[in-house]
Amino acid sequence: CADAAMHEAKKLGRNSYHFFSSELDQQTRSRFQLTSLLQGALEKQEFQLFYQPKVCLKTGQVTGVEALLRWFSSELGEVSPSDFIPLAEDMGLIDTIGDWVMEAAIQQAVAWKQAGLSINVGVNVSARQFQRGNVAGRVIGLLNRYALEPQYFSIELTETSFMHSAEKTRSAISELLRLGVSVAIDDFGTGYSSLNYVRTLALSQLKIDLSFIRNIETSEKDRRLVEAMVAMAHAMDLEVIAEGVETPQQLDLLQRMGCDQGQGYYFSRPQPEETLTRWLQNRPLKC
Ligand code: C2E
Ligand code: MG
Ligand code: MG
Ligand code: MG
């Protein structure tokens, strides 16, 4: 009987659905709404890159910035990347969005360089983008088009990329590294172990996920774990960055562990280009 009623409701169209509206329907609907809005976001120029500095823990020099995508939707307001990036990946929109991110980041690196602020700009690349292939080719094409030296560009990928398209990811990374683009493993420790890739590829950096940093002041276990990650990274000649540094106490501990770099609200939140430019002007840069 319920099935027959549902069937009737479906025949009547979307508006009849509310009789059966469950939480799941709500979710499906908001996902549907989000998707259609996301499809129009590029064209409506609703995306913007924010930038967050990475800081050398020994010298205080700024070693680079990470580009973080922001979506200011005219309908929904600001939507978090944790909400729309996974959706963009599922809907096959991440390739187009990812291309936009790379181009915008490279243009910004060129603008900073021309303004005398030569600094490395890093972008996040999704597993799906590696799956499509030709990530290295796209990067090379853009660096050539904008005449930017590879040392001013870097990419961050998560361990998942190795899970879904190991060979494509591996060859793209080798090619980028050969070219002089630095490559970091992001959110290290949260995904499936990629130690084998870390061991066999000459990666540049390992970024310890902020969930490991959060409690290092209070949790002896977390502190020892981070210490071990730093030691492991160094054993493989990798630079190690702590994500999510928020307090001077965390900074102090990380410095004592010999962690190379830090990133987090303690130094700066992700900021739009204009304010970050002002922020950079008062800091020593490491080129
Ligand atoms: P992620 O690459 O690991 O970026 C770090 C996230 O931590 C950012 O969140 C950043 O704003 C946040 N964060 C930085 N410092 C602190 C801190 O001290 N405390 C806390 N609690 N958080 C901090 P955001 O910007 O919301 O981005 C979330 C994730 O979305 C990113 O994680 C990345 O995986 C993804 N993402 C962002 N932009 C892009 C993009 O252009 N392309 C792709 N594929 N993914 C992106
Ligand atoms: Mg990142
Ligand atoms: Mg991360
Ligand atoms: Mg993350």
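The values are calculated or read from the model by the stated rules, or taken from the named source; none is laboratory data. Please read these numbers as outputs of a predicted model, since none were measured by experiment. Every residue, glycine as well, gets a Cβ built from its backbone with ideal geometry; the counts of neighbours run over all protein chains shown. Ligands, DNA and RNA are stripped out before the accessible areas are found, and what is left, the full protein with its side chains, is counted by its heavy atoms. Shrake-Rupley method; radii C 1.70, N 1.55, O 1.52, S 1.80 Å.
Points worth noting:
Matching residues to (1) away from ligand 4 (no atom under 16 Å from the Cβ); (2) open to solvent by 10 Å² or more (accessible area, probe 1.4 Å):
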| site | (1), (2) |
| --- | --- |
| ILE94 | no, no |
| VAL101 | no, yes |
| ALA104 | yes, yes |
| GLN114 | yes, yes |
| ASN120 | yes, yes |
| ARG128 | no, yes |
| ALA136 | yes, no |
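Yes or no, residue by residue, for (1) in contact with a strand residue (DSSP E or B) (Cβ under 9 Å, 6 or more places away or on another chain); (2) open to solvent by 70 Å² or more (accessible area, probe 1.4 Å):
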| position | (1), (2) |
| --- | --- |
| THR247 | no, no |
| GLN250 | yes, no |
| LEU253 | no, no |
| GLN263 | yes, no |
| GLN271 | yes, no |
| ASN282 | no, yes |
| LYS286 | yes, yes |
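- Whichever residue in the range 195-210 is more than 15 Å from ligand 1 (Cβ to nearest atom) and among the polar types (S, T, N, Q) and, among such residues, is surrounded by the most Cβ atoms within 10 Å (Cβ to Cβ): SER204
- Scan of the range 154-183 for residues that are outside any helix (DSSP H, G or I) and in contact with a strand residue (DSSP E or B) (Cβ under 6 Å, 6 or more places away or on another chain), ordered by number: SER154, ILE155, GLU156, THR158, VAL181, SER182, VAL183
- Scanning the range 99-112 for residues that are over 14 Å from LEU276 (Cα atoms) and over 17 Å from the mean Cα position of the chain (by Cα) gives GLN107, VAL110.
- Some residue of the range 164-174 being within 24 Å of PRO53 (Cα to Cα) and either without any contact (Cβ under 8 Å) to a residue 24 or more places away in the chain or more than 16 Å from ligand 4 (Cβ to nearest atom) (or both): yes
- Matching residues, the range 45-97, being touching a strand residue (DSSP E or B) at 6+ places or on another chain (Cβ under 6 Å) and part of a loop (DSSP other than H, G, I, E, B): GLU46, LEU57
- Hey, ILE216 in a loop (DSSP other than H, G, I, E, B) and surrounded by 13 or more Cβ atoms within 10 Å (Cβ to Cβ) or not: yes
- Here SER182, SER161 are screened, and the one residue that is touching a Phe, Trp or Tyr at 6+ places or on another chain (Cβ under 9 Å), within 16 Å of ligand 2 (Cβ to nearest atom) and open to solvent by 30 Å² or more (accessible area, probe 1.4 Å) is SER182.
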